[in-house]
1. Of the conditions (1) farther than 30 Å from A:Ala298 by Cβ; (2) β-branched (Val, Ile, Thr); (3) surrounded by fewer than 22 Cβ atoms within 10 Å (Cβ to Cβ), A:Ile309 clears all except one; give me its number.
2. Starting from residues that are surrounded by fewer than 23 Cβ atoms within 10 Å (Cβ to Cβ) and touching a Ser or Thr at 6+ places or on another chain (Cβ under 7 Å), keep the ones in region A:198-234 and report whichever is farthest from A:Arg281 (Cα to Cα).
3. Within region B:101-142, take every residue that is charged (D, E, K, R) and farther than 27 Å from B:Ala199 by Cα and give me the one that is nearest to the chain's Cα centre (by Cα).
4. Pick out the one residue from B:Val241, B:Val236 that is more than 9 Å from chain A (Cβ to nearest Cβ) and closer than 24 Å to B:Ala206 by Cβ.
5. When you check B:Ala446 against the structure, is it away from every other protein chain (no Cβ under 11 Å) and surrounded by fewer than 17 Cβ atoms within 10 Å (Cβ to Cβ), yes or no?
6. What helices (runs of 4 or more DSSP H) lie completely within region B:68-170 and have 1 or more residues being assigned by TED's automatic domain parsing to the domain that holds B:His210 and surrounded by 13 or more Cβ atoms within 10 Å (Cβ to Cβ)?
7. Can you tell me how many residues within region A:289-347 are away from every other protein chain (no Cβ under 14 Å) and assigned to a loop (DSSP other than H, G, I, E, B)?
Amino acid sequence: MTTSPPMTTEATTSPLPAPGAPLGHFVSTAPFDPLSVEAMTEEQAKVYQASQLRLMWWKFKRHRLALWSAIFLAALYSMIVICEFVAPYNLHTRNVDFIHAPPQRVHLFDNGSFVGPFVYGRTMTLDMDTLKRVYADDRTQVQRLRFFCSGDPYKFWGVVPASFHFVCPAEGGQFFALGTDRLGRDVLSRIIYGARISLTIGLIGVAFSFVLGVVIGGLAGYHGGVFDLVVQRVIEVLQSLPSIPLWMALAAIMPVTWSPIVIYFGITIILGLLDWTGLARAVRSKLLSLREEDYVLAAQLMGARPARIIGRHLVPGFMSHLIASATIAIPGMILGETALSFLGLGLRPPITSWGILLTEARSVNVIAFYPWLLYPMIPVILVILAFNFMGDGLRDAADPYR
Amino acid sequence: MNAAAKSSSGDLLRIENLGISFAIVGGPVHAVRNASFRVLPGKVTALVGESGSGKSVISQAVMGILPNTARVRGSILFDDPLTGKSTDILQLPRDGEDIRALRGSRIGKIFQEPMTSLSPLHTIGNQIDEALKIHSDLDAAEVKARTLEMLGLVGFPNPARAYGMYSFELSGGLRQRAMIAMALLCRPALLIADEPTTALDVTIQAQILHLLRDLQSRLNMAMLLITHDLGVVANVADEVVVIYHGEIMEAGTVEDIFRRPQHPYLKGLMAAVPHFDMKPGERLKALRDVPVKVGTLLDSPKAKATAAVAQPRSDVLLSARDLVKSYTTRGSGWFGKGRDRPVKAVDDVGFDIRRGECLGLVGESGCGKTTISKILMRAVRPDSGSVVFNGADGPIDLLAAEGEALRAVRTKIQMVFQDPVSSLSPRMTVQNIISEPLEIHDRGDAQSRLQKVTALLKAIGLDERALNRYPHSFSGGQRQRIGIARALALGPELLICDEPVSALDVSVQAQILNLLKDLQSELGLTYLFISHNLAVVDYMADRIAVMCAGRIVELAPCETLMERPVHPYTRSLLAAVPFPDLDRPLDFDTLHAAGASDQNAWAPQFRNDGDGDALTPTDLGGGHLVLARRSVDKRELV
């Protein structure tokens, strides 16, 4: 660099001279406070003092789709607690006069006058060529729906006898919003009851695989070495097995003499046994990366014992990630149960799940004649989408500092 | 001083009234406010500021790679000298064809972190020639020829060999050269260099700066240099723009800025850089100084006891002897060496740390200085050697301590980490973080711990309001102060500071250094201060040990080392520190191409040729040791 004699350049009021012109010496005259970068506004202070949970909640809230999915799922899960009350009919009630009845439309106006929600009565004729039952609306029968009413009797949670419903058909009338099946049972009620099994099987299965995944993945990540190597290879083998035949083989092991409720738990364990691999990998990789963080080393150098390091530093670090990945694993469980039951290897009647309901729609002519038997697919699709969206939002929110 | 700029009438890049804000939780953040400046064709404009001042955001705006959440006002005019066309980059559709035609072809960018900005899955040649494949229709042979030419230009000794190598086979300096080759392959009119040397050692930094300067004038290319280091600016820039908190504070030619600084911010930045001309006892002027109030800390009986007992005891607090630590790298079959090769990270190192002093440990990355700190902290076990710690409770064999004895040692030696972000758990409040060591060692009850934490916070210049905040709400300097408070919680006798300021801005660096100095004198602490920056060590240390390739090559009192450095490695480290002073430019010619640690460039008396004449520390008197051949006469060395 050549040293040029000091010369004073013109002081200018703008840091930007005319195009190509030499640059003068610009000095800002605006007030200057060296602490202004460290000063914070009221809102920033609020953010800065927020705990991790609160930050996660703020971030999750901004993911609209995830938020609505979470609300939807919350509504569904609170519904299964009181599904006897929500469903218009008992799970097992057979309406022998209305076999394979199509869905009834809910009307508000009869002949131009308002009567509130009601359905028309039905008349059934047997088509003697196809032997198919044909139902027609009887416009003279206006059956007003009742709300918060006494209707089909049931035992709440299988214990308390009651007959209180959110909605019931008119006295002596019927209300099949989604039609009936081959025994004349209300499809809507069965879907609502089926949610109880289908939604919980995912939770129990994930809880089971969560424990397996955290323990196995945690040991592999923390100890490393041979154990890690073996676990990794086992995971690879498990993940390369085709899942449906394996489920079928495992389900076939369960004796036919088991009661349906034992089978229900058996199925969750089978699903959990095969699903922990993904979680174990997530735990292991997260642990490996957290172990390298300086604050973990700092705790070690302070003399902290391993239990403290795991409990205070590692677990809080990856728990949020785990919950997010577990959420994404639930749909797989629900689908697994549905698939197994559909194949006739999972749950058995009288337990009712969405998969069981779909077994009714196994043959092509059933679908051709009674398409409403496919309605249980809709809640399956909605729930799976909702879980995926919510898991997405949770995963984004899991690391609020990024 | 560089080749005359092409006689273009206009500016190459003209940024007018640029404003960028981000919508985030807690209200919008105005990253850039009404900034205007220009880059002349064939000239270097430096954009200087602290981190968070908005300088990187401006570079992103120029490349059109701002995040989606950014809102932009103003204009960025790019005048392409090739076509004579002027485009407003902000008006181009995001990721559209027009902006993609500019990126990589007319505007190149190099990033700060050479370790992560190259793909580990592609060969160097493959990554570099991608730009040509996208922006030209040359055939494969021509593309390769151009790539090889560029690799040669950026200083790869054997371009053909480098072409087929993977990024992990290259050192940091070579990777940065590869990045530069990638950015320059299409001969852009403008190169944006975003902190191009911040992650590199000083000696490598000097080489890269030399290369950038050289290529810039040879290719007649303009450069927008973004940095926080005024020393770099003084050596490379033609025009300087100083930015603070998104606003331009001062702008002018490099002469104006360095000879006649006006704005208090610029003056503050300049005063905060440690330099070799400082008188003993002279203090750096930090832009935001932190008053140290150790009052309540000193009153604790523990501190008093330590201070009282410490004086009459032996002078040496810690003495390390013959430390050796080697790592085995698995030889790769691909390159014909299929066996394990041990690499000596620490090779026969011995030193004493005297009570109450600050021993500086200097060297480039990979020289083994961090391994030494880990050995002292008992995080790494050496292959052989001994470390004796003469604490207040008598001497302890550090390497043999186990169980409760080891836990007791842990309270006496504490560490300050380099990275203020990863060294504090993001899920704990400041109160929990600072009181954790007290909890681990069962000191006091909840009430007395809280008092202690409050006293520590006061000592590092924070107040009680910080107690319930989480680390993410603090700036880098504040976090580093919290890390220091945590290290002080147990009342240690020895504090190991492993590059405590290298992740911080100069302005914050001065603040932390002053804080450490004040704490040392108030609390009677002993420091082992590790850094790659000689100027920083010079400011802090009483004695300095220089490490190279696992060995201490020179150890001397601070003034002696600065005035009469003997070892060639020390000399090249000293020569590579850039000054924010136009009259003391880096002497690029004396910098060795192969790096300062290349033994072949050293005088024969410092080389180990494996002929049995081993290297041994030679005492030059006055505590000045230098690693040289046993047979060499002392007078030959000085």
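The values are calculated or read from the model by the stated rules, or taken from the named source; none is laboratory data. Given the structure is predicted, the values throughout are model-derived calculations rather than measurements. Virtual Cβ from ideal backbone geometry, glycine too; neighbours counted across all protein chains shown.
1. (1)
2. A:Ile204
3. Initial filter on region B:101-142 (charged (D, E, K, R)): B:103, B:106, B:109, B:113, B:129-130, B:133, B:137, B:139, B:142.
Pick out the ones that are also farther than 27 Å from B:Ala199 by Cα and you get B:133, B:137, B:139, B:142.
Working: B:Lys133: 35, B:Asp137: 41, B:Asp139: 41, B:Glu142: 39 Å.
Going through the qualifying residues, I end up with B:Lys133.
4. B:Val236
5. When the stated conditions are applied, B:Ala446 passes them.
6. Counting at least 1 such residues, we get B:97-102.
7. Within region A:289-347, residues that are away from every other protein chain (no Cβ under 14 Å) and assigned to a loop (DSSP other than H, G, I, E, B) number 5.
Every residue, every condition in (1) surrounded by fewer than 18 Cβ atoms within 10 Å (Cβ to Cβ); (2) within 11 Å of chain A (Cβ to nearest Cβ); (3) not in a loop (DSSP other than H, G, I, E, B), yes or no:
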residue	(1), (2), (3)
B:Asn390	no, no, yes
B:Ile396	no, no, yes
B:Glu404	yes, yes, yes
B:Arg407	yes, yes, yes
B:Ile433	no, yes, yes
B:Glu439	yes, yes, yes
B:Leu450	yes, no, yes
B:Thr454	no, no, yes
